[in-house]
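Written out below as structure tokens is the structure these notes cover.
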Amino acid sequence: MRRIRAAFTAVIAVLVLWVPMALADESQAPITVTDIAGREVTINAPVKRILLGEGRQLYLIASLDKEDPLSRVVAWRNDLIEADPATYTQYLQAFPKLAKLPAFPGQENGLIEIESTIVHKPDVVLLNLEAMRANEDANYIEKLAELKIPVLYIDFRHYPLKNTEPTIRLLGKIMGREARAEEIIAFRHAAMARVTDVIARAKPERPRVFIERIGGYADDCCLSFGAENFGKYVELAGGHNIGSDVLPSTFGQLNPEQVIAVNPEHVVVTSADWEAYVPGGHWIPLGPGADPKETHRKLEWFTTRDAYTDIAAQKARNFHGIWHQFYNSPYEFFAVQQLAKWFHPELFADLNPDATFAEYHRRFLPIPYRPGYAVSLSGSAD
């Protein structure tokens, strides 16, 4: 009996030592990563508590963690609710607990509520690259570092073709979803190549394109993009973005006389449902499930702007509307495919951007695909 007790005690002792070790294999461990700003940051990974400095960061979080993207999110900025209400509704229907997720208003310059951040005790705070200057001026990063709360900068907006894939890899690494991240990147490569390979072979004449940025959000004309973001998408799709000739940075403004002088052959309006910001405005309510008759009706108004008087695009009715959030998401492959079909319909007759985006939803997102991200007047009667 004593031998049995001794053996039992020994087994218990081994289990006492082994169980914490086994659990440790499932727990977090410190890793050092480099964020999009080039900062080396040490994080306990895989992260279990993420604070989203912008709600639209959910686009990528959900792609990496399709089963339950909210399981790691402890708080978020409320911009997705206001800037993309249709997508928010989809996620709310799929995950009703989203209604109880703490949300904070944040600021346009990217500053976060530091008190709220401390209360939620995140493993990491995700901030967009453009927030870097404001947070440095406010010493937010140092204040959070004193509390062992690391911050990572990511970017889909300023240099999306350069920074989106590093951002996907970065979040894949800290979430323990590295293989998933590579699957997303491979999908994006294939989707983009369906346009860029054709353009490289055919070398078509590039039509002049003007992009009206945030159409209907403000009365100002003519907000646009320089050589980055949608300006780059236009070039990849076989067009020539006239803003690239004038604007020195990603975002800027042309005057109507400049637009008329260049005589663009296509006008592309980026817009969305901005009822929360500009009630009853001229914005086009593009996004999942948008009514095509309503988006077509609201796009018509843009043909009447003074900046487009007698330009080639107006005469040919080559006016197009596209979901503004492609400027700030990992989904820009849809925008490139759709622009290519508008600029070179004969080269891309068999390309179906909706089918591509539907496949992305099926493989990577927890919500079903609903068309409504683009509208065009091309081919319609006057």
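The values are calculated or read from the model by the stated rules, or taken from the named source; none is laboratory data. Quick caveat: nothing in here was measured; it's all calculated off a predicted structure. Cβ placement follows ideal geometry from the backbone for every residue including glycine, while neighbour counts extend to all protein chains displayed.
What are the residues in region 145-167 that are surrounded by fewer than 20 Cβ atoms within 10 Å (Cβ to Cβ) and among the hydrophobic types (A, V, I, L, M, F, W, C), if any?
Result: Ala145, Leu147, Leu161.
Give the number of residues within region 239-261 that are in contact with a strand residue (DSSP E or B) (Cβ under 6 Å, 6 or more places away or on another chain) and closer than 22 Å to Trp342 by Cβ.
Qualifying residue count for the region: 7.
In this structure, is Gly379 modelled with pLDDT of 95 or more, at positive phi and surrounded by fewer than 23 Cβ atoms within 10 Å (Cβ to Cβ)?
no
Exactly one of these conditions fails for Asp219: (1) more than 18 Å from Glu332 (Cα to Cα); (2) acidic (Asp, Glu); (3) within 22 Å of the chain's Cα centre (by Cα). Give me its number.
Of (1) more than 18 Å from Glu332 (Cα to Cα); (2) acidic (Asp, Glu); (3) within 22 Å of the chain's Cα centre (by Cα), only one is false for Asp219: (3).
Can you tell me which residue among Ala181, Ala186 is touching a helix residue (DSSP H, G or I) at 6+ places or on another chain (Cβ under 9 Å) and under 30 Å from Ala335 (Cα atoms)?
Of the residues listed, the single one that is touching a helix residue (DSSP H, G or I) at 6+ places or on another chain (Cβ under 9 Å) and under 30 Å from Ala335 (Cα atoms) is Ala181.
Of all residues being within 13 Å of Leu52 (Cβ to Cβ) and of a type in the set (A, V, I, L, M) in region 78-102, which is surrounded by the most Cβ atoms within 10 Å (Cβ to Cβ)? Just the residue, please.
Filtering region 78-102 for residues that are within 13 Å of Leu52 (Cβ to Cβ) and of a type in the set (A, V, I, L, M), the one surrounded by the most Cβ atoms within 10 Å (Cβ to Cβ) comes out as Leu80.
With the condition being modelled with pLDDT of 95 or more and not assigned by TED's automatic domain parsing to the domain that holds Arg133, I'd like the helices (runs of 4 or more DSSP H) fully within region 147-252 carrying at least 3 qualifying residues.
Once the helices (runs of 4 or more DSSP H) in region 147-252 are filtered for at least 3 residues that are modelled with pLDDT of 95 or more and not assigned by TED's automatic domain parsing to the domain that holds Arg133, what remains is 178-202, 230-236.
Which ones in region 209-234 are buried (at least 18 other Cβ atoms within 10 Å of the Cβ) and more than 22 Å from Gly281 (Cα to Cα)?
Result: Val209, Gly226, Glu228, Asn229, Phe230, Gly231, Lys232, Tyr233, Val234.
Taking only pairs six or more apart or across chains, which ones have beta-carbon atoms under 7 Å, a first residue in region 294-312 that is more than 22 Å from Leu254 (Cα to Cα) and of a type in the set (Val, Ile, Thr), and a second residue that is buried (at least 20 other Cβ atoms within 10 Å of the Cβ) and modelled with pLDDT of 95 or more?
Sorted first by the residue in region 294-312, then by its partner, the pairs are Thr295/Ile284; Thr295/Pro285; Thr295/Leu286; Thr295/Gly321; Thr295/Val375.
Any idea which residue in region 286-310 is nearest to the chain's Cα centre (by Cα), counting only those that are surrounded by fewer than 22 Cβ atoms within 10 Å (Cβ to Cβ) and assigned to a loop (DSSP other than H, G, I, E, B)?
Pro288
So which residues in region 254-283 are within 19 Å of Asp79 (Cβ to Cβ) and of a type in the set (Val, Ile, Thr), if there are any at all?
Result: Thr270, Val278.
Any residue at all in region 316-324 that is crowded, with 22+ Cβ neighbours inside 10 Å, in a loop (DSSP other than H, G, I, E, B) and among the aliphatic types (A, V, I, L, M)?
Within region 316-324, none of the residues are crowded, with 22+ Cβ neighbours inside 10 Å, in a loop (DSSP other than H, G, I, E, B) and among the aliphatic types (A, V, I, L, M).
Which members of region 342-373 meet the condition of being within 24 Å of Glu165 (Cβ to Cβ) and outside any loop (DSSP other than H, G, I, E, B)?
Those that are within 24 Å of Glu165 (Cβ to Cβ) and outside any loop (DSSP other than H, G, I, E, B): Pro353, Asp354, Ala355, Thr356, Phe357, Ala358, Glu359, Tyr360, His361, Arg362, Arg363, Phe364.
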